Amino acid sequence: MLPIEALPDQVSEINVILFLDYDGVLHPDAVYRRLNGQIELRVPGELFMWALLLEKIIEGYPELRIVLSTSWARVLGFRRARGYLPTKLAERVIGATWHSAMGRNSLDIIEWDHQTRFKQISAYLRRLPTPIPWLAIDDDSAGWPSEQADALIQTDPILGVSCRHVQKALEHQLEFISRICGGDR
């Protein structure tokens, strides 16, 4: 079993996990890594320009934790990828669907690279000691099963979480989970 980077001792303190993609969610999906390692957004705006919108939406859900479901964790490493987030979001991050141990036993093919986002998330959830309600916010719905459609808040790759209907959908799902799990909202 792969370790989970920062899983709290008391999983029961978490009432929902938000699987968070970066590109197409917190900024447009037009991000490139230069040969020198610098990351740049090649459309107007700036990296993580909508992160504060997400921060505001989830502020009323203190038991919500974030798991990075972004290729940034694979390319840059977990800590560096988490470090791009504003402090209040970064403090909620408990892990990533990618873990460096995933590449250690592979000669040529790393299975994670060929999995859909849903399969990556499912693998992460199987590693948890107990089931936890979850949502994903991502611009990629490829391979997402229809029976799990309510768990995906799909964004437009150019508008991300800046789109009002995405914000409303996330708010609605968080309120629903909070009611089901007996939250105080």
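Key figures for this structure:
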{"item": "Loop trypsin sites (Lys or Arg not before Pro), the range 19-64 (other Cβ atoms within 10 Å of the site Cβ: 13 or fewer; DSSP)", "result": "34, 42"}
{"item": "Residue 119 paired with residue 59, simple spin-label distance in nm, labels 7 Å along Cα-to-beta-carbon", "result": "4.0 nm"}
{"item": "Length added when fully stretched, residue 126-residue 30, from 0.36 nm per residue minus Cα-Cα", "result": "31.4 nm"}
{"item": "Residue 49 versus residue 148: modelled label distance in nm, points set 7 Å from Cα along the beta carbon direction", "result": "3.2 nm"}
{"item": "Karplus-derived HN-Hα couplings along the range 148-160 (A = 6.51, B = -1.76, C = 1.60, θ = phi - 60°), whole Hz, x at Gly and Pro", "result": "10, 4, 5, 7, 9, 9, 8, 9, 6, x, 9, 9, x"}
{"item": "Spin-label model distance (nm) - residue 40 vs residue 164, 7 Å beyond Cα toward Cβ", "result": "3.5 nm"}
{"item": "Residue 175-residue 141 FRET efficiency (beta carbon distance; Förster radius 25 Å; 0.05 resolution)", "result": "0.65"}
{"item": "Cross-link reach list, lysines versus residue 168, counting only Cα pairs under 25 Å and skipping chain neighbours closer than eight places", "result": "56, 88"}
{"item": "For residue 153, distant residues with modelled amide H under 5 Å away", "result": "136, 137, 138"}
{"item": "Area accessible to solvent at residue 178, 1.4 Å probe radius, in Å²", "result": "10 Å²"}
{"item": "For the range 40-52, 3J(HN,Hα) per residue [Karplus equation, 6.51 cos²θ - 1.76 cosθ + 1.60, θ = phi - 60°, Hz, x = Gly/Pro]", "result": "9, 9, 9, 9, x, x, 9, 4, 6, 5, 10, 4, 5"}
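The values are calculated or read from the model by the stated rules, or taken from the named source; none is laboratory data. All figures in this text were calculated on a predicted structure; none of them were measured in a lab. In this analysis, Cβ positions are derived from the backbone assuming ideal geometry, glycine residues included, and neighbour counts consider all displayed protein chains. SASA here: full protein model, heavy atoms, side chains in, ligands and nucleic acids out. Shrake-Rupley method; radii C 1.70, N 1.55, O 1.52, S 1.80 Å.
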